[in-house]
């Protein structure tokens, strides 16, 4: 029997918030989360905003990269994206309907400072100030990311982007300006999102903006991202005034698994260049000795100056972790030193390692293996490694092929696979908490379907469907599930029929079918 729906924080029944078309597909669960547990959704500026040339915004490296032929699937750009810039009020209404505790968004540096330094664009800053006020008015806590990969193009041109030490100090000034403007209201601050992609995908493999293909440049960029993190933390400490504000960084700390005990060296190699290159300086104040040895053929690390480690290693209040899959690795039996390239591959020394595609795993539309147990074990291990540091899952979600159909006269997206994915991963997060992990929140990626970087508009991660022709929003079944989770702090379950005897969608008229998902790893 279907359990009664819960009341949201405003006292309204959640079935009165526009998601009634999914009534009957969920049952109340039996796993309770703590009342203080933070539940929300995450987005990024270039992926959803659009308005690329409006409101005084300057170009970013992703504007330049996406407009370069051959760099993105189908030549896609973020010029319009999900048009959040013009539809922010509509999207705020959807967040309210979802009963979110928190909403994580990034600030477009070039919207606030078109050239990355100097004059502040008041119109751009006011856009985010109004967003913060509107979130708070709805009881939703703002979680701000300062850098989600969209560096102002002017800084790339002037300093070489993150290859240039001056960019770290420009970031410090930017953080100071945003902290002074929003620091009385923002709850959680994240300096960077996944700096690994900023550096290794952006300057080493060429897969992401700005498209560099030098492993030495990637390592230089990684260091300047570490340095800028510490400078930004210090700037925020000086400027924010909200008493309970917390400062964080969102890292895609990879869960690495050796395929056999003999492959432990492969796991160590990847862990050094993928994880400890950031956690070492930021959380321990040093680069690991094995990382320096592994990469000595690419650089002598002379760009690390005296005092840099002390600056990079600033106390933070919260560690953000983005989790999508476990990286299964083994040593490459065909490896020879002469095969190593100076750039254009996933990371320095990638020729030594093979990634294993486990055939026994279910997979997302990105061809990523689905392993909620990996998330549970990861959170427990990270809590043990960094005791006393609270952890928030700042991104977790999945792309699947979505179809809009009609159900009881309503347009719906019956994304059972995504809903099951979220149930399993939120449950895994709670199991980690029960095992002693200091995990305090979970943010789903993503609120909206959006521009998925080099993969364009094929992969859909949102719990709200966006029609890229009309920009119409359609809440998916997963959004209804998430609204119930947020309202009740109890993990809802799908009705039994949902997987074995789900409604036959082939008998219902289809109004829109998505293109095949692009198999693209953001971790390239």
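If a residue has to be under 25 Å from the mean Cα position of the chain (by Cα) and either modelled with pLDDT under 95 or under 14 Å from residue 326 (Cα atoms) (or both) to count, how many in region 259-283 make the cut?
5
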Task: Of the criteria (1) over 16 Å from residue 267 (Cβ atoms); (2) surrounded by fewer than 21 Cβ atoms within 10 Å (Cβ to Cβ); (3) touching a strand residue (DSSP E or B) at 6+ places or on another chain (Cβ under 8 Å), which one residue 331 fails - done: (1)
- [ ] Go through 19, 39, 100 for me and flag whichever is within 19 Å of residue 138 (Cβ to Cβ), within 26 Å of the chain's Cα centre (by Cα) and modelled with pLDDT under 95.
- [x] 19
Open item on the list: For region 197-309, give me every one of the helices (runs of 4 or more DSSP H) that falls completely inside it and has 2 or more residues that are free of Cβ contacts under 8 Å to residues at least 40 places away in the same chain.
Closed with: 264-271, 289-294
Task: Residues satisfying the stated conditions in region 391-437, i.e. at pLDDT below 95 and within 17 Å of the chain's Cα centre (by Cα) - done: none
Task: Residue list for region 172-193, filter: free of Cβ contacts under 8 Å to residues at least 60 places away in the same chain and under 16 Å from residue 319 (Cβ atoms) - done: 189, 191, 192
TODO: Residues being out of contact with any helix residue (DSSP H, G or I) (no Cβ under 7 Å at 6 or more places or on another chain) and crowded, with 21+ Cβ neighbours inside 10 Å: count how many of those fall in region 221-244.
DONE: 2
Task: Flag if residue 282 is within 15 Å of residue 195 (Cβ to Cβ) and touching a helix residue (DSSP H, G or I) at 6+ places or on another chain (Cβ under 7 Å) - done: yes
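Show me the strands (runs of 3 or more DSSP E) entirely contained within region 451-524 in which 1 or more residues are within 25 Å of residue 91 (Cβ to Cβ) and modelled with pLDDT under 50. Spell out the reasoning first.
On the way: elements: 464-466, 473-475, 510-513.
Per the criteria, 510-513.
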TODO: Taking residue 487 as the residue in question, decide whether it is over 16 Å from residue 397 (Cα atoms), touching a helix residue (DSSP H, G or I) at 6+ places or on another chain (Cβ under 6 Å) and surrounded by fewer than 24 Cβ atoms within 10 Å (Cβ to Cβ).
DONE: yes
Open item on the list: Looking only at region 104-123, filter to residues that are surrounded by 24 or more Cβ atoms within 10 Å (Cβ to Cβ) and assigned to a helix (DSSP H, G or I); which one of those is nearest to the chain's Cα centre (by Cα)?
Closed with: 109
TODO: Could you list, in sequence order, all residues of region 176-204 that are over 18 Å from the mean Cα position of the chain (by Cα) and within 14 Å of residue 222 (Cβ to Cβ)?
DONE: 203, 204
Open item on the list: Let me spell it out: the conditions are (1) surrounded by fewer than 19 Cβ atoms within 10 Å (Cβ to Cβ); (2) touching a helix residue (DSSP H, G or I) at 6+ places or on another chain (Cβ under 9 Å); (3) at negative phi, and residue 378 meets all of them except one. Which number is the exception?
Closed with: (1)
- [ ] Scan region 159-189 residue by residue and report those that are in a strand (DSSP E or B) and in contact with a helix residue (DSSP H, G or I) (Cβ under 8 Å, 6 or more places away or on another chain).
- [x] 189
Open item on the list: Can you confirm whether residue 80 is assigned to a helix (DSSP H, G or I), over 30 Å from residue 390 (Cα atoms), modelled with pLDDT of 95 or more and more than 19 Å from the chain's Cα centre (by Cα)?
Closed with: no
Task: Enumeration of residues in region 351-363 that are touching a residue at least 12 places away in the same chain (Cβ under 8 Å), surrounded by fewer than 21 Cβ atoms within 10 Å (Cβ to Cβ) and over 26 Å from residue 393 (Cα atoms) - done: 351, 352, 354
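Taking residue 370 as the residue in question, decide whether it is more than 25 Å from residue 248 (Cβ to Cβ), surrounded by 18 or more Cβ atoms within 10 Å (Cβ to Cβ), touching a residue at least 60 places away in the same chain (Cβ under 8 Å) and touching a strand residue (DSSP E or B) at 6+ places or on another chain (Cβ under 8 Å).
no
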TODO: Return the residue satisfying two criteria in turn: it lies in region 48-62 and is touching a residue at least 40 places away in the same chain (Cβ under 8 Å), more than 16 Å from residue 207 (Cβ to Cβ) and within 19 Å of the chain's Cα centre (by Cα), and of such residues it is surrounded by the fewest Cβ atoms within 10 Å (Cβ to Cβ).
DONE: 48
Task: Failed item, numbered, when residue 348 is tested on (1) surrounded by 20 or more Cβ atoms within 10 Å (Cβ to Cβ); (2) farther than 30 Å from residue 444 by Cβ; (3) in contact with a strand residue (DSSP E or B) (Cβ under 9 Å, 6 or more places away or on another chain) - done: (3)
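The values are calculated or read from the model by the stated rules, or taken from the named source; none is laboratory data. The structure presented is a predicted model; accordingly, all values stated were derived computationally and were not measured. Because the Cβ atoms are built from the backbone with ideal geometry, glycine has one as well, and the counts that use them run over all protein chains shown.
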